[in-house]
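What follows is one structure encoded as structure tokens, with my remarks underneath.
The values are calculated or read from the model by the stated rules, or taken from the named source; none is laboratory data. Note that the structure is predicted; figures quoted are calculated from it, not measured. Cβ placement follows ideal geometry from the backbone for every residue including glycine, while neighbour counts extend to all protein chains displayed. The area values use the complete protein model at the heavy-atom level, side chains included, leaving out ligands, DNA and RNA. Shrake-Rupley method; radii C 1.70, N 1.55, O 1.52, S 1.80 Å.
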Amino acid sequence: FPVTILGDGHEVLITPNTGSLTIMDWNGVTVMPCGYGNHSCDTAVDNIKAFVNDNGFGLLLHDMWPVAGSPGWNELNCACWTPVDHMPCPPSVMRFINGHHVISMSRFGHQMLLEGGVPEHEITYIPHSYDKNVYYDKGKSLRQSVGIPNDAFLVVSNMANRGNTPCRKGIAEMCMAMAKLMEDRKDVYWMMHTDPYGSLNGINIPYLATNLNMDQERLLYPEKNRYKHGLMTNDYLADIYSASDCILALSMGEGFGIPSSIEAPACGTPAIESDYRDWE
């Protein structure tokens, strides 16, 4: 995406919400260090101020509610690629985008923004997308390499195990539901693409599973070092989705939910999601 903008003759600077602690070059684009605060809001505003002139703007690809309480954004000219996953649109999202141009990434989000009071001329619809050369039905071959029977019912969840007051991804609730299902059905396996031990103030899933009397041999996690160091490729994720019978994503505040909304369905895997309405 930045390369496309460069091709149109624009200057580009990336200020990430997480990543390296040192400045880097990526395909000729300068990538600033991440900050020390949540979502790097302590550095993003200053980076944009220093780089953008009167004719430029900051392009945000981020949930709006985590940055809503950070100072300085209202002083910037921003175009916000805005995830919306609730009905109605959350008040914190509406407060943040007031004064900025809004880019909706789904038809549902577009309608919620309109109903929330954003004028039609202040919203641009640019849908989120996926690479069709990567995300497609690749069959069940992954099952053999991880020891899952071909006739088993495989559930997959792709989620960040961070935070526990509460856990925004609903991990504990999903564990409780899966414990009942796995007790009734001995052919059910659950593959969780996440850090099982919740190293970043998350949930210790094996400990919780033990207390729920779940069969640990039917719970699968990614290879620790590959996951920890970001060595899991998009092709590997597509293999996981394709090998599964459904993706379980009962998040309490997802933002957009790329794995369950577009990636897994592109691989022919249906999604089970929460119906979380009436935010107020």
Looking only at lysines whose Cα falls under 20 Å of K186's and that sit 8 or more positions away or on another chain, we get K140
Treating cross-link reach as a plain straight distance, find the aspartates and glutamates whose alpha-carbon is under 12 Å from the alpha-carbon of K49, omitting any fewer than eight places away in the same chain.
E75
Place a label point 7 angstrom from the Cα of S129 along the Cα-to-Cβ direction, then list the residues of region 76-101 whose backbone nitrogen is under 19 Å away.
80-83
Correct semi-axes for the chain, from √(5λ) of the alpha-carbon gyration tensor and rounded to whole Å with the largest first, are 35, 21, 19
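Hand me the trypsin sites (Lys or Arg not before Pro) from region 214-254 located in a DSSP loop with no more than 13 other Cβ atoms within 10 Å, in residue order please. Walk me through the intermediate numbers first.
Numbers: sites: R218, K224, R226, K228; in loops: none.
Those that pass, being in a loop and sparsely packed, number zero.
Keeping every protein chain present and rolling a 1.4 Å probe, give me the accessible area per residue for the chain in Å².
Numbers: 15550 Å² over 280 residues.
Dividing the accessible area of the chain by its residue count gives 56 Å².
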Hey, got the dipole for region 156-258? About the Cα centre, +1 on K and R Cβ, -1 on D and E Cβ, debye to the nearest 20?
320
Per residue, the convex hull enclosing the alpha carbons of region 141-280 has a volume in Å³ of 118
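If the only charges are +1 at each Lys and Arg Cβ and -1 at each Asp and Glu Cβ, what is the size of the charge dipole of the chain around the Cα centre, to the nearest 20 debye?
Numbers: 18 positive and 32 negative charges, 129 e Å.
I would put it at about 620 debye.
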Eligible aspartates and glutamates near K169 by straight Cα distance, threshold 16 Å, same-chain separation 8 or greater:
D63, D85, D195, E254, E273, D275
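Heavy atoms only, probe 1.4 Å: what % of the accessible area of region 129-280 goes to carbon and sulfur, would you let me know? Working shown, then result.
Details: 4070 of 8330 Å².
With neighbouring chains kept in place, the figure for region 129-280 is 49 percent.
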Quick one: Cα centre-to-centre distance for region 1-65 and region 163-215, in angstrom?
35
Taking only Cα atoms, what is the 0 to 90° angle, nearest 10, from helix 41-51's long axis to the longest principal axis of the chain?
40
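Can you order the peptides 113-125, 230-242, 150-162 by their average number of other Cβ atoms within 10 Å per residue, highest first?
On the way: 113-125: 13.5, 230-242: 17.2, 150-162: 18.8.
Per-residue mean Cβ counts within 10 Å order the peptides as 150-162, 230-242, 113-125.
With +1 assigned to the C-beta of every Lys and Arg and -1 to the C-beta of every Asp and Glu, and no other charges, what is the dipole magnitude of region 73-179 about the Cα centre in debye, to the nearest 20? Don't skip to the end; give the middle numbers.
Numbers: 9 positive and 9 negative charges, 91 e Å.
Roughly 440 debye, rounded to the nearest 20.
Relative contact order of the chain: what whole-number percent is it, with Cα pairs under 8 angstrom and at least 6 residues apart? Can you show the working numbers first?
Numbers: 464 pairs, mean separation 44.4, N = 280.
After rounding, I find 16 percent.
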